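Please treat every number below as a calculation from the coordinates, not as lab data. From a predicted model like this one, the values you see are computed outputs, not experimental measurements. Quick reminder, even Gly has a Cβ in these numbers, built from the backbone with ideal geometry, and neighbours come from all protein chains shown.
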Amino acid sequence: MSESTMKTINVEYAIIGAGTSGLGAYSKISRKTDSLVMIQDGPYGTTCARVGCMPSKLLITASDYAHHLTTSDFFGVTSEGHVDGRKVLERLRRERDQRFVANNLRYVNKIPPHHKLEGHARFIGPGHLRVGESVEVKAEKIILACGSRPAVSKVFEPVMDRVLTSDTVFELEDLPSSIAVIGMGVIALELGQALHRLGVKTTVYGRSGKINALTHPDMQQEALDILGSELDIYPSGQVVSTWEDAEGAWIEFEQSNGQRVTKVFDRILVATGRISNVDQLGMEHTGAEFTEAGKVIFDPQTMLCSDYPIFIAGDAAEYLPVWHEAFDEGRIAADNALNYPDPVPVDRRPPLMVFFTDPQIAIIGQSFRELEGLEIVIGELPFSSPRHVVWNKVEGRIQVYLDARTGVILGAELLGYQAEHLAHLLALAITHSMTAEQVLMMPVYHPSAEELLRDVLIDAREKRRVYAAETMIHSNSVPAYS
Ligand SMILES: Cc1cc2nc3c(=O)[nH]c(=O)nc-3n(C[C@H](O)[C@H](O)[C@H](O)COP(=O)(O)OP(=O)(O)OC[C@H]3O[C@@H](n4cnc5c(N)ncnc54)[C@H](O)[C@@H]3O)c2cc1C
Ligand SMILES: NC(=O)c1ccc[n+]([C@@H]2O[C@H](COP(=O)([O-])OP(=O)(O)OC[C@H]3O[C@@H](n4cnc5c(N)ncnc54)[C@H](O)[C@@H]3O)[C@@H](O)[C@H]2O)c1
């Protein structure tokens, strides 16, 4: 492409990526100026709606129905039925495309054409982007909202025809007969359990032996025990080789005890984490600063990358790669791009994450690992209330971490049926630095799952009293928490 045929666009703001974070940034900046462009490589619609949160939850809901077919006998309700894999996947894509993706596209379609540019953006100099082969963008301030992609290691190269990731699994015409799920993170457990419940012969291969989102060893072990009682799990080891023949894709897995297991599968779902797309932006041309691991240095309170007029948001930042954080970060980045060179730091919300497994896993605020060794008490109970007994869903555990001196709730780890709801109540309490006593003032209906929250806070309160007596701390002493 000669220089003369190259089109150059000069704008004040460029946003790379039209996902949740990029659109969040766009909605703020476009209210203030017309001098902006949002560059999108690949289909519009966002990772969340197309290949992330929404299709995965649609699959999980179908699997819940399948699971009821096999568990309703307990209630004296005999049910018969079978899973039609094609229909499950057709309905998933229909709901996804007609509701979630369509909603997003309606918004994107309303964006004026001169604010949108399609193609792969990469830096060729500070503030200077090449988009595809024929367009250049010169921008004073740039927001990196380019998301992430699934990591697939080289060991799977011989079986790539049978490898799926979260980008491709929802496009299957029919459910596979068997699947190896590689990884024991959130995607592996959510999709692995859903596929298993839909009748796919599923084997999960982990690496560390732990479900690392939970950090208390008892919580990790209980989660593994419960999920392992339903799923075929090899929790620790590594895939040492793969090959394909007429039977399918073979996996040779070396367990941490040195024993090797070899199995054949129709498909392999690789869910071993995601890599930020920032590595494909040519950041070396920007002058930005990097960590030793090669990650762009940024301030999570402003999303500003060092002192350059570059901001980062969403999964690209690899900070808190969940939807509500991508949404927040897009807005924080936009506000600070608008304020540049005077960024305004914001207090981030307490961390919150939910695994939509059964039982669910939820982590709020500071984890046990972060608090270990500090003056805390742990309220702890099995995840059971009269309501859970009624549901016949009594597996799991809840732990709530209190500042031992002040009683302020600092964090919690949950493993239990519909833990998401208690997790949100705890998130509210943590956001407002509430004490267990303050939460215990609210009315709690009987019989409700919230009775479990009340009871675990009473347990924490009692433990705090014992702690105070043992350490002679008066419960109204100077707060350690501020
Ligand atoms: C299977 C799955 C399930 C999930 N479930 C949940 C859930 O239940 N709850 C939850 O909170 N989170 C969930 N997440 C995470 C959530 O989807 C992400 O945190 C969120 O979508 C990230 O948004 P984003 O804007 O950072 O990135 P994206 O939405 O991925 O947007 C980035 C965009 O940038 C484009 N792009 C990349 N490079 C370039 C370039 N060089 N030039 C131009 N454009 C570029 C990409 O094509 C993409 O469209 C899930 C993720 C997955 C994969
Ligand atoms: N409910 C939700 O909020 C939700 C659901 C799905 C995805 N997501 C987002 O998507 C992101 C990606 O999810 P993910 O599950 O891919 O990543 P993850 O980081 O949660 O889990 C990856 C897992 O793979 C393991 N692993 C890595 N390399 C391995 C190997 N070679 N062999 C075996 N195991 C290996 C890791 O130990 C880890 O347990 C998450 O960070 C999450 O934020 C969120």
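Compactness of the chain was expressed as the Cα radius of gyration divided by 2.2 N^0.38 Å, which yields 1.07. Cα gyration tensor of the stretch 289-342, axes a ≥ b ≥ c as square roots of the eigenvalues: rounded (a/c below 1.5), prolate (a/b > b/c) or oblate? Oblate is the answer for the stretch 289-342, as a/c is 1.5 or above yet b/c matches or exceeds a/b.
Bridging of residue 28 to aspartates and glutamates at a Cα separation below 18 Å is possible for 12, 140, 325, 328, 329, 335, 342, once same-chain residues fewer than 8 apart are set aside. Remark: the stretch 154-272 carries a charge dipole of roughly 320 debye about the Cα centre, counting +1 on each Lys and Arg Cβ and -1 on each Asp and Glu Cβ.
Where both partners of a DSSP beta bridge lie in the stretch 111-231, what percent of those bridges are antiparallel, to the nearest 5? DSSP beta bridges in the stretch 111-231 are roughly 60 percent antiparallel. Dipole check for the stretch 31-99: with +1 at the C-beta of Lys and Arg, -1 at the C-beta of Asp and Glu, and the Cα centre as origin, the magnitude is about 380 Debye. Considering the stretch 72-175, its Cα convex hull presents a mean projected area of 12.7 nm². Label-to-label distance, residue 243 versus residue 424, with points set 7 angstrom from Cα along the beta-carbon direction: 5.2 nm.
Compute the Rg/Rh shape ratio of the stretch 352-474: radius of gyration over Kirkwood radius, all on alpha-carbon atoms. Across the stretch 352-474, the Cα-based Rg/Rh ratio is 0.96.
In order along the stretch 287-293, the phi-based Karplus estimate (6.51 cos²θ - 1.76 cosθ + 1.60, θ = phi - 60°) of 3J(HN,Hα) comes to x, 5, 9, 10, 6, 4, 7 Hz; Gly and Pro are listed as x. Shown in residue order for the stretch 238-252 are the 3J(HN,Hα) couplings computed by the Karplus curve 6.51 cos²θ - 1.76 cosθ + 1.60 at θ = phi - 60°: 8, 6, 9, 7, 9, 7, 10, 9, 4, 6, x, 9, 9, 10, 9 Hz (x for Gly and Pro). By the helix-only formula, in which each DSSP H run with n ≥ 4 contributes -39500 (n - 2.57) and the sum is divided by residues, the chain has a 222 nm mean residue ellipticity of -9500 deg cm²/dmol. Rounded, prolate or oblate for the stretch 1-51? Axes are the square roots of the Cα gyration tensor eigenvalues, ordered a ≥ b ≥ c, and the cut-off for rounded is a/c under 1.5. It comes out oblate by the Cα gyration axes.
Sorted fewest first by neighbouring Cβ atoms within 10 angstrom, 21, 56, 236 come out as 236, 56, 21. By the count of other C-beta atoms within 10 Å, a proxy for reagent exposure, 78, 202, 61 are ordered fewest to most as 78, 61, 202. Sorted fewest first by neighbouring Cβ atoms within 10 angstrom, 391, 250 come out as 391, 250.
If you sort the three axes of the alpha carbon gyration tensor as a ≥ b ≥ c, you get a/c of 1.5 or more for the stretch 261-371 and a/b no higher than b/c, which makes it oblate. Here the relative contact order of the chain, from alpha carbon pairs under 8 Å that lie six or more residues apart, stands at 14 percent.
DSSP assigns beta bridges within the chain; of those with both partners inside it, close to 60 percent run antiparallel. Separation of the alpha carbons by more than 31 angstrom is noted, of 57/210; 295/393; 110/141; 138/295, for 295/393. Taken over the stretch 130-222, the percentage of Cα pairs per 5 Å bin, counting from 0 up to the bin with the maximum distance, is 2, 10, 16, 18, 14, 11, 9, 7, 7, 4, 2, 0. Relative contact order, whole percent, for the stretch 1-134 stands at 31, derived from Cα pairs under 8 Å and 6 or more residues apart.
Spin-label model, residue 93/residue 260: points 7 Å from Cα along the beta carbon direction are separated by 3.9 nm. Here each label is just a point 7 Å from Cα along the line to Cβ, and for residue 106 and residue 445 those points are 3.1 nm apart.
Principal axis analysis of the Cα atoms in the stretch 1-154 yields extents of 74, 42, 21 Å, listed in decreasing size.
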